[in-house]
1. Using C-alpha positions alone, give me the convex hull volume of the range 1-70 per residue in cubic angstrom.
2. Out of residues 5 or more away from residue 31 or on other chains, whose amide H comes under 5 Å of its own, with H placed 1.01 Å from N in the peptide plane?
3. How would 86, 76, 64 rank on accessible area, largest to smallest, probe 1.4 Å?
4. What are the principal axis extents of the Cα atoms in the range 75-125, in Å, biggest first?
5. What percent does the relative contact order of the chain come to when contacts are Cα pairs within less than 8 Å and at least six residues apart?
6. Quick one: accessible area per residue over the chain, 1.4 Å probe, rounded to a whole number of Å²?
7. Rank 87, 74, 14 by how far each Cα sits towards the positive end of the charge dipole of the chain (+1 on Lys, Arg Cβ; -1 on Asp, Glu Cβ) and give me just the farthest.
8. Let me know the whole percent of all Cα-Cα pairs from the chain that are separated by more than 24 Å.
Amino acid sequence: QVQLVESGGGLVQAGGSLRLSCAASGTIFSINVMGWYRQAPGNQRELVATVARSGSTNYADSVKGRATVSRDNAKKTVYLQMDSLKPEDTAVYYCYVDGRVYNTRVGGSTYRELWGQGTLVTVSS
């Protein structure tokens, strides 16, 4: 089965940096968008940054200039480098990947949108 394994979350002091990683394991291919969303307590899940296979990126206004999303297609991994972290960045960060997943039941691939289990980022003031 396909899984997204996130890493890099933790406690960081305001002004610090953090690098999140998310690796897709299993038979997934033709990956299009890879990126990160976050959800703070009491808030809706919101986009942080995404990068398409074309290289096109999309950033939330709140992180523009501070975040950089990148990907390694060979490793099926997406990264999020965040600098100048603010307490407002505190949230659970979820990895997102969409692509085609081999489905043994169907005997072929199926387009799927995948989410990681989330990694907590806490920024202290």
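1. Values: hull volume 8.1 nm³, N = 70.
Given the Cα convex hull of the range 1-70, per-residue volume reads 116 Å³.
2. 100
3. Numbers: 86 85, 76 50, 64 120 Å².
Ranking 86, 76, 64 by accessible area, largest first, yields 64, 86, 76.
4. For the range 75-125, the Cα extents along the three principal axes come out at 51, 18, 13 Å.
5. On the way: 315 pairs, mean separation 43.1, N = 125.
Taking the mean separation of contacting Cα pairs over the length of the chain, I get 34 percent.
6. On the way: 6610 Å² over 125 residues.
I get 53 Å² per residue for this part.
7. Value: 74.
8. On the way: 1983 of 7750 pairs.
Considering the chain, 26 percent of its Cα-Cα pairs are separated by more than 24 Å.
The values are calculated or read from the model by the stated rules, or taken from the named source; none is laboratory data. Here the structure is a predicted model, which is why all the values come from computation and not from measurement. For neighbour counting, all protein chains shown are included, and Cβ atoms are generated from backbone atoms with ideal geometry for every residue, glycine included. Side chains are part of the model used for accessible areas, which takes the heavy atoms of the whole protein and leaves out ligands, DNA and RNA. Shrake-Rupley method; radii C 1.70, N 1.55, O 1.52, S 1.80 Å.
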